[in-house]
Structure formats: C-alpha cells, structure tokens
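Peer 1: I am attaching a structure below and will ask some questions about it afterwards.
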Amino acid sequence: QESFDAVIICTDGKVFHVQPMYRAEGLLSLITALKSPPEGSLVSCDPSDFVVARSSDDNCWYRAQVVSIASDGNRAKVSYIDFGNCEVVNMDVLKPLPPALASEPACALAVELHKVPALAPEDVSILVQRTVKIEVVGGSANVWKVKMTTADGIVVNDALTAQDE
C-alpha cells in the first residue's frame with residue numbers, strides 16, 4: 001500500500017491525472033530539457049509510440065504518446081504523459097523522443113476514486129490544481145484505485161459518495 005502527496009492536474013470525472021510531489025524535480029528537468037525543439041524529424045509513427053509534441057495551448061514541447069492517427073495521416077491524437085491531457089495535433093508538430101528523455105518515468109499518474117462512480121467533470125473540477133494525499137487501495141499500474149484526502153482532512157471519496165445518498 002502506497003501513499004503520497006500529489007497535485008490533481010485534470011479529470012474527466014472518472015479518471016484523475018495526478019502529479020506526485022516526489023516527481024516535481026524530474027518534471028522540472030524535463031520541461032527545461034524541452035525548452036528548445038528536439039533535433040530531427042519524425043519519419044513515421046504508430047499508435048502507442050512515444051514522441052515529443054508541441055502543445056497548441058502554449059506552443060511548448062512535451063513528451064507524449066500517440067493514441068491514434070487520423071485516416072488521412074495528417075493528424076494524431078496524443079496523450080501528454082507528464083500532464084494527462086490529450087489533444088489532436090498535426091503530424092508536423094511531432095518529433096522523435098530523445099533516448100535520454102525516454103528513460104524518465106511519466107510524471108502524471110492515472111487514478112480513479114475507490115468506490116465512487118464516474119461523475120460529471122464539472123462536479124469535480126473544483127479539485128483540479130489542488131494538492132491531495134493519495135492512498136493506493138487497489139487497481140493496477142495503468143489506473144490505480146485510490147482514496148483521496150484534501151489538505152484540510154476531507155476524504156474526497158466519502159464526501160462524493162455521501163452526496164449520492
């Protein structure tokens with residue numbers, strides 16, 4: 001059983017992407033390393049490949065995993081592995097992931113609230129950017145089932161299941 005402090009980065013109401021505080025230094029070094037675009041062009045890529053992608057939000061480069069490629073081959077849906085968000089980008093903003101950056105573990109972890117059904121994103125948006133204590137109670141490395149506690153001691157799982165009753 002593992003527990004750690006983390007910041008909630010984004011959620012769709014079911015899956016929360018969190019950045020563990022113990023990865024903060026690693027995240028900072030990744031962002032610094034990607035300040036300038038990586039060398040080389042991407043010759044080809046397939047779903048599940050790891051790449052560097054330029055975000056349309058801020059035009060910065062981030063590590064990403066290709067989720068899917070459009071049938072025309074000009075666009076790809078990518079998941080930013082250090083932040084948890086996804087977007088569709090043009091293939092020309094994808095670059096090869098430098099080997100030195102490929103060995104770093106992802107900074108965003110996918111978690112689900114244990115014993116809490118999926119909620120509307122707007123019902124849990126208040127939690128985004130909050131620091132919480134995460135206690136892993138089950139699941140797998142892909143998506144952990146967790147108990148989440150706010151800084152003021154509120155167990156999010158209990159508060160949300162109490163609303164349903």
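Peer 1: Quickly run through the range 130-150 and pick out the residues that are in a loop (DSSP other than H, G, I, E, B) and either modelled with pLDDT of 95 or more or of a type in the set (K, R) (or both). It would help to see each step written out before you state the result.
Peer 2: Step one: of the range 130-150, the residues in a loop (DSSP other than H, G, I, E, B) are 130, 140-143.
Hit for the range 130-150 is R130, nothing else.
Peer 1: Looking at the structure I just gave you, is Y62 closer than 14 Å to H17 by Cα, within 17 Å of the chain's Cα centre (by Cα), modelled with pLDDT of 95 or more and surrounded by 14 or more Cβ atoms within 10 Å (Cβ to Cβ)?
Peer 2: no
Peer 1: Let me ask something else. Answer yes or no as to whether S48 is small (G, A, S), surrounded by fewer than 16 Cβ atoms within 10 Å (Cβ to Cβ) and within 24 Å of V15 (Cα to Cα).
Peer 2: Yes.
Peer 1: Turning to a different aspect of this structure: Counting residues that are without any contact (Cβ under 8 Å) to a residue 40 or more places away in the chain, which strands (runs of 3 or more DSSP E) fully inside the range 1-110 reach at least 3?
Peer 2: On the way: elements: 3-11, 15-20, 50-54, 61-69, 75-80, 86-90, 94-96.
So the answer is 61-69, 75-80, 86-90.
Peer 1: For the range 103-123, enumerate the residues that are within 18 Å of the chain's Cα centre (by Cα) and closer than 19 Å to P20 by Cα.
Peer 2: Selection gives S103, E104, P105, A106, C107, A108, L109, A110, V111, E112, L113.
The values are calculated or read from the model by the stated rules, or taken from the named source; none is laboratory data. This one's a predicted model, so the numbers in the text were calculated from it and none came from an experiment. Counting neighbours? That spans all protein chains shown, and the Cβs are built from the backbone with ideal geometry, glycine included.
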